[in-house]
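S.K.: Provided herewith is a single structure, encoded as structure tokens, for subsequent inquiry.
Here, each number is a calculation from the coordinates, and none is a lab measurement. This structure is a prediction, so every number in the text was calculated from the model and none was measured. So basically every Cβ, Gly included, is an ideal-geometry build from the backbone, and we count neighbours across all protein chains shown.
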Amino acid sequence: MISVSNIHAQQYETTRKISCDVSSKDLPEYLVFDGETNQPLNAPAYLCDWIAIALLYPAMLRGAPLHIEGPISPTLLFNLNNDIQDLLRHFNPALFKIQITALPAGMTSSKPGTDTGSGFSAGVDSFATLAVHTSGDTAPFYQLSSLSTFNVGAMGPVAGSAAIYQRYCQRVQKFATQSGLNWTTVNSNLSDFYVEADANFIRTSTLRNIAAVLFFQDLHKCYLYSSSYSYSHTNQSHAEITYYESILLPLLSTENIVFTLACAGLERSQKIAKVAAYPPSRHLLDVCVSPTETRDTIQKNNCSQCRKCTRTMLNLDILGVLEDFSDVFDLEYFRANREAIIKQCAIGALKRLPLDSDVIQLMRAAGHDARLPLFDRVKLNSRKAKAKLRAALSMSS
Ligand SMILES: [Zn+2]
């Protein structure tokens, strides 16, 4: 049994910190979320939905029933005890089905939220959401009005994440203020509850991020969760929970907040085209996944050499807009290594990696005839492998 008690909130005008004791055999003794926003906060949020989502996966991994000495949204509690767990067990058969209990949800926040929020990482997915959901074409309910940054694992272990979290907080605050949007930031020790390899960030990212959104549930009516993959890749792999987001997110909605997967109708290259036409991205785009030590030594936002950097530069180059991004990428490095970068993506497409397949498809659609010379340059060992590569490149047309 994992039991959560002594839920203690400290709230001031624009800050909220809630901690709770966690009683269990091998988990940390307490969970704490510490948030800030630019808006005056109303009544402290009594709903403990964020705690339930934060501890769901660790509890299922252990087969331990979860009890929370606080109220949870009835809709969410029902889904937590039913379809959410069934879906997660389809994603990871090593998880156990458990029972989740909480106090009756009689005392909820009095004023419903008004913002439609989204996360801001300055990457392609978040800029695509911004471009689409701040345009005049979007429905009023989906008009983006708030941006957020959460420290729930993407910045590495809790102990070493303070400096980068600080930097990301300043980035979201500055960009939101300049754009006339609200903002929220949430720090936490959540990563300490996800130390097993089976609970690493890419296997649990959605649950961790949604826990942080629910911490400020009273500020939001809707949250646009930027998709990593398009609908066409739903349930394609059990490696990352992001492949399940289109099914999982609606189940995490409550009476007060609707979760929507943003831009999942677009393939990666279509998102990059939206981002390229959205001027703020030209100075802020940050897709890099190289280690912090590497990034501390470079002048621009991106290292320009990791797979995410090179693939994005290739995509922008095919669209004919790479020059617009000279502030954030090393274009000389790209030009010197273009052929090798294409080859890397072609091999990724052969392995059916969605983002590589997409950029190769874009090359073909744009009429680039680099693919046949490219094919000759790819050193594959067998005739069969060559045939597969040829089929993959042709399939992606
Ligand atoms: Zn990089």
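S.K.: Where both partners of a DSSP beta bridge lie in the chain, what percent of those bridges are antiparallel, to the nearest 5?
M.R.: Around 45 percent of the beta bridges assigned by DSSP in the chain are antiparallel ones.
S.K.: Let me ask you something else. When a/c is below 1.5 the answer is rounded, else prolate if a/b is larger than b/c, else oblate, so apply that to the stretch 2-262 with a ≥ b ≥ c taken from the square roots of the Cα gyration tensor eigenvalues.
M.R.: On the way: a/c = 1.41, a/b = 1.19, b/c = 1.18.
It is rounded, given that a/c, with a ≥ b ≥ c, falls under 1.5.
S.K.: Oh, and also: Springs between alpha-carbon pairs under 10 angstrom, Gaussian network model over the chain: which of Thr206, Thr149, Thr75 fluctuates most?
M.R.: Thr75
S.K.: Skipping prolines and chain starts, which residues have an amide H placed within reach, meaning under 5 Å, of the one on Asn151, given they are 5 or more residues away or on another chain?
M.R.: Val186, Asn187, Ser188
S.K.: Roughly how many whole Å is it from the C-alpha centroid of the stretch 193-208 to that of the stretch 242-270?
M.R.: Between the Cα centre of the stretch 193-208 and that of the stretch 242-270, the gap is 18 Å.
S.K.: Here's another thing I want to ask about it. Multiply the residue separation of Glu13 and Thr101 by 0.36 nm, subtract the distance between their alpha-carbon atoms, and state the gained length in nm to one decimal.
M.R.: Working: separation 88, 0.36 × 88 = 31.68 nm, distance 3.15 nm.
The span from Glu13 to Thr101 would gain 28.5 nm if fully extended.
S.K.: Quick one: give the max-minus-min coordinate of the C-alpha atoms of the stretch 16-122 along each principal axis, largest first, in Å.
M.R.: Here the Cα extents, ordered largest to smallest, are 42, 32, 26 Å.
S.K.: If you take the square roots of the eigenvalues of the alpha-carbon gyration tensor of the stretch 149-276 and sort them as a ≥ b ≥ c, do you get rounded (a/c under 1.5), prolate (a/b over b/c) or oblate?
M.R.: Taking the square roots of the gyration eigenvalues as a ≥ b ≥ c, the stretch 149-276 is rounded.
S.K.: Amide H of Ser226 versus every other amide H placed in the peptide plane: which residues, excluding those fewer than 5 positions away on the same chain, fall under 5 Å?
M.R.: Gly119, Ala262
S.K.: In the stretch 35-183, what is the volume of the convex hull around the alpha carbon atoms, normalised per residue and reported in Å³?
M.R.: 159 Å³
S.K.: List the residue ranges in the chain for DSSP H helices whose C-alpha atoms run 15 angstrom or more along the long axis and whose Kyte-Doolittle average is -0.5 or above.
M.R.: Length and hydropathy pass: 49-62, 201-215, 307-318, 331-350, 354-365, 383-395.
S.K.: So what are the ³J(HN,Hα) numbers for the stretch 246-253, from phi and the Karplus equation (6.51, -1.76, 1.60; θ = phi - 60°), rounded to whole Hz, Gly and Pro as x?
M.R.: 5, 8, 6, 4, x, 5, 8, 5
S.K.: For the stretch 57-117, with equal point scatterers placed on the C-alpha atoms only and solvent neglected, what are the log10 I(q)/I(0) values from the Debye formula at q = 0.16, 0.30 1/Å, to two decimals?
M.R.: These q points yield log10 I(q)/I(0) values of -0.61, -1.22.
S.K.: In the stretch 59-154, which chymotrypsin sites (Phe, Trp or Tyr not before Pro) are in a loop and have at most 16 other Cβ atoms within 10 Å, using DSSP for the loop call?
M.R.: Answer in residue order: Phe96.
S.K.: For Lys111 and Glu196 in the same chain, what is the full-extension length gain: residue separation times 0.36 nm, less their Cα-Cα distance, in nm?
M.R.: Additional length available on full extension: 26.7 nm.
S.K.: I'd like the Karplus ³J(HN,Hα) series for the stretch 300-306: coefficients 6.51, -1.76, 1.60, θ = phi - 60°, whole numbers in Hz, and an x wherever there's a Gly or Pro.
M.R.: Rounded to whole hertz, the list is 8, 4, 10, 6, 6, 10, 6.
S.K.: Please give the charge dipole size of the chain, origin at the Cα centre, charges +1 on K and R Cβ atoms and -1 on D and E Cβ atoms. Round to the nearest 20 debye.
M.R.: My answer is approximately 1620 debye.
S.K.: Just need the relative contact order of the chain here, percent rounded to a whole number, with Cα pairs under 8 Å and 6+ apart.
M.R.: The normalised contact order for the chain reaches 14 percent.
S.K.: Additional query: Positive end of the charge dipole of the chain (Lys, Arg +1 and Asp, Glu -1 on Cβ, about the Cα centre): tell me which of Leu55, Leu252, Ile202 has its Cα farthest that way.
M.R.: The one lying farthest along the dipole's positive direction is Ile202.
S.K.: Check which residues have an amide H placed less than 5 Å from Val258's amide H, if you skip close sequence neighbours.
M.R.: Those lying under 5 Å, H to H, from Val258 are Cys222, Tyr223.
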